[in-house]
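Engineer: Handing you this structure, nothing more for now.
The values are calculated or read from the model by the stated rules, or taken from the named source; none is laboratory data. Remember, predicted model here, so these are calculated numbers, not experimental data. Glycine gets a Cβ as well: all are built from the backbone with ideal geometry, and neighbour counts include every protein chain shown.
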Amino acid sequence: MRIRLLRVLALGVVSLAVASCSQTRAPVAIATHADDYGTPVGDQKVQQGGDLVMGLSNDPDRLDPTTSSSLYTRYVMSTICEKLYDNDASGNLVPQLATELPRFSEDGLTVTIPVRTGVTFADGTPFNAAAVQTSLRRHLGMEGSQRSGELGPIAEVETDGPAQVLIRYRTPFAPITAALADRAGMIMSPTALKEEGSDFGDHPVCVGPFKFAQRTPQTSIVVERDPLYYDAQNVHFDTITYRIMADPKARTAAMHTGAIQVADTMSPQDADALSTDPRLHLLVSGSFGYQGFYLNLGNVDGAGKPAKQIDTPLARDPRIRLALSLSIDRQALVDKAFKGWYESACTAIAPLTSYATRAATACPVFDPERSRRLLAEAGVQTPYPITMQVMNVADQLEYAQVLRAGVAAGGFDLRIVPTEYSAMLDAQKRGTYEALLLGWSGRLDPDGNIARFLVTGSSGNYTGYSSSALDDVLSWAAHTTSPARRGALYEQAVATIERDNPYIYTYRLRNLTVHSTRVTGIEVYADGAVRLGKAAFVSERNS
């Protein structure tokens, strides 16, 4: 399947947003390997029961939808914590705990969301509009929330009876449905929230095909089938165990031996062999996300806190950051490090969306000579040293070494510090880094890929970057009802980001998830989440 053009909310109408700008559409990179998002169980004959084991490539942070910033938390939460909306394999927004897409008032300031009735949380608490109100208010107001900026300028969340939620806005916010198709739309049991408070992530309770059972830090997370789930007849496994396996070689070996039945984020180094093993099936999908590295410009007291100027040439002088970007041969690095499985990327605008114009996706010209001239103009020593924290896994370290060799030609000395994933997330939030090689799994709407990270004061602004010009452009892009106008504004946003380079985009991965042919119903979409909730072992009569 191909990802359809990104659908964008415009005052309640989910419409195809074709950016009719002056720029021509960017040529979209054609993947060497065909997309395969998986298929639902459907009418296949499957076994009832059984225990699935998934090799998870990193230990998630706390299982709290409000405070989590880890992709791997999304994998686990997708089985235990449904959202108001979801996206499907074609890139469409579809209701999940809501019953239909939102209705917008004529002025765009009131958003009405009808929600399911007759549904209960895993602890037996009724699911209703009041429960949705409680979760959304927590996302907005809880200290340390990573969701507040994703929901836009909300004035109040109200209920209209047990089956309708009203979101009142100060100004219209076009990306709200896309935001509610991710962690901001995950609804938590009000009873559990009251009992657990800030410790909710240790014992999360939501609506989902499975419910949380136990967690052994750095080892495993176990979820078990929830008999109270409203669609329990289509849930097949008894339990799912997420086994933490950071080493991609170990995950590959465990897949070949059958010790695990599914694994995420497979290494491009192993993908060819996995794709030809008749006992395994490799799912391959494009991504709305991007990979690259943060440069700390002003995150001194923690993300979301007022920025303070860091007194280094890299943080003070945009010429040095531009030089660093110009010294990266993005396509050559991808080809060398990832064997053609991934794609180069230069902006937060994903290909195969309606915003993928040439201006919104074009890469800076690889120009190490200009890089050296810019460093000379800035009056800094060369090679200019930069300390970069890199996830302590083989693929990331290999890419970092290739990157290090590449930027040396532009006058940089990249000093690589291998770091555990959980420590990187902590450094990202606290600002205890100079450069940090870490990406984003991506969202349907560009606002979720840009504003969260670069708007002044956002809880996800990990670089401490502040630009009133970018703030204004992104605000207009979020509030306008015109898809064409939004497209033009995102082109302006890209130009501003490429001038200041608080984050340098380098490549876009393709989701590589492998599962045993004994299992069916596993799906992975462009949002990067591995969906296991309705999967099952294939019936022995079919095997």
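Engineer: State all residues of the stretch 197-253 that are assigned to a strand (DSSP E or B), touching a residue at least 60 places away in the same chain (Cβ under 8 Å) and within 18 Å of G521 (Cβ to Cβ); if no residue qualifies, say none.
Structural biologist: Listed by number, the residues that qualify are F210, V223, T239, I240, T241, Y242.
Engineer: Being surrounded by 18 or more Cβ atoms within 10 Å (Cβ to Cβ), among the acidic types (D, E) and farther than 23 Å from D202 by Cβ, is that true of even one residue in the stretch 79-101?
Structural biologist: yes
Engineer: Related question: Which one of these does G340 not meet: (1) under 21 Å from A526 (Cβ atoms); (2) part of a helix (DSSP H, G or I)?
Structural biologist: Here G340 meets the rest and fails (2).
Engineer: Mind checking whether some residue in the stretch 507-525 is in a strand (DSSP E or B), more than 22 Å from R279 (Cβ to Cβ) and touching a strand residue (DSSP E or B) at 6+ places or on another chain (Cβ under 8 Å)?
Structural biologist: Yes; the residues of the stretch 507-525 include at least one that is in a strand (DSSP E or B), more than 22 Å from R279 (Cβ to Cβ) and touching a strand residue (DSSP E or B) at 6+ places or on another chain (Cβ under 8 Å).
Engineer: Out of H479, H515, I need the residue that is of a type outside the set (D, E), in contact with a Pro (Cβ under 8 Å, 6 or more places away or on another chain) and over 24 Å from V334 (Cβ atoms). Which one?
Structural biologist: H479
Engineer: Report yes if some residue within the stretch 432-450 is assigned by TED's automatic domain parsing to the domain that holds L403 and without any contact (Cβ under 8 Å) to a residue 12 or more places away in the chain; otherwise report no.
Structural biologist: Looking for residues that are assigned by TED's automatic domain parsing to the domain that holds L403 and without any contact (Cβ under 8 Å) to a residue 12 or more places away in the chain, one finds at least one in the stretch 432-450, hence yes.
Engineer: One residue is enough: does the stretch 463-475 have a residue meeting the conditions among the hydroxyl-bearing types (S, T, Y) and in a helix (DSSP H, G or I)?
Structural biologist: Among the residues of the stretch 463-475, at least one is among the hydroxyl-bearing types (S, T, Y) and in a helix (DSSP H, G or I), which makes the answer yes.
Engineer: Going through S267, S275, S285, S220 one at a time, which residue ends up being among the hydroxyl-bearing types (S, T, Y) and at pLDDT 95 or above?
Structural biologist: Sole residue among the options that is among the hydroxyl-bearing types (S, T, Y) and at pLDDT 95 or above: S220.
Engineer: Do you know which residues across the stretch 212-224 are out of contact with any Lys or Arg (no Cβ under 8 Å at 6 or more places or on another chain) and buried (at least 18 other Cβ atoms within 10 Å of the Cβ)?
Structural biologist: Scanning the stretch 212-224 gives F212, R215.
Engineer: Then there is this: Restricting to the stretch 355-375, and then to whatever is in a helix (DSSP H, G or I) and touching a residue at least 60 places away in the same chain (Cβ under 8 Å), can you tell me which residue is surrounded by the fewest Cβ atoms within 10 Å (Cβ to Cβ)?
Structural biologist: Only one residue fits best here, namely R358.
Engineer: Here is a further query. How many of the residues making up the stretch 114-143 are in contact with a strand residue (DSSP E or B) (Cβ under 6 Å, 6 or more places away or on another chain) and of a type in the set (G, A, S)?
Structural biologist: Final tally of qualifying residues: 4.
Engineer: Touching an Asp or Glu at 6+ places or on another chain (Cβ under 9 Å) and either among the small types (G, A, S) or free of Cβ contacts under 8 Å to residues at least 60 places away in the same chain (or both): which single residue out of P114, P153 fits that description?
Structural biologist: Exactly one residue qualifies, and that residue is P114.
Engineer: For the stretch 172-199, name all the residues that are buried (at least 24 other Cβ atoms within 10 Å of the Cβ) and either closer than 23 Å to P227 by Cβ or not assigned by TED's automatic domain parsing to the domain that holds S70 (or both).
Structural biologist: Passing the criteria: M186, I187, M188, S189.
Engineer: If you take the residues in the stretch 50-77 that are modelled with pLDDT under 95 and over 21 Å from S459 (Cβ atoms), which one is nearest to the chain's Cα centre (by Cα)?
Structural biologist: Y75
Engineer: Using the structure shown, decide if A488 is assigned to a helix (DSSP H, G or I), crowded, with 19+ Cβ neighbours inside 10 Å and not charged (D, E, K, R).
Structural biologist: yes
Engineer: Another question about this same structure. If the requirement is being out of contact with any Gly (no Cβ under 6 Å at 6 or more places or on another chain), touching a residue at least 12 places away in the same chain (Cβ under 8 Å) and not in a strand (DSSP E or B), which of these qualifies: P172, P162?
Structural biologist: Of the residues listed, the single one that is out of contact with any Gly (no Cβ under 6 Å at 6 or more places or on another chain), touching a residue at least 12 places away in the same chain (Cβ under 8 Å) and not in a strand (DSSP E or B) is P162.
Engineer: Taking the stretch 86-129 as the search range and keeping residues that are touching a Lys or Arg at 6+ places or on another chain (Cβ under 9 Å) and hydroxyl-bearing (S, T, Y), which one is modelled with the lowest pLDDT?
Structural biologist: Among those residues, the one meeting the criterion is S90.
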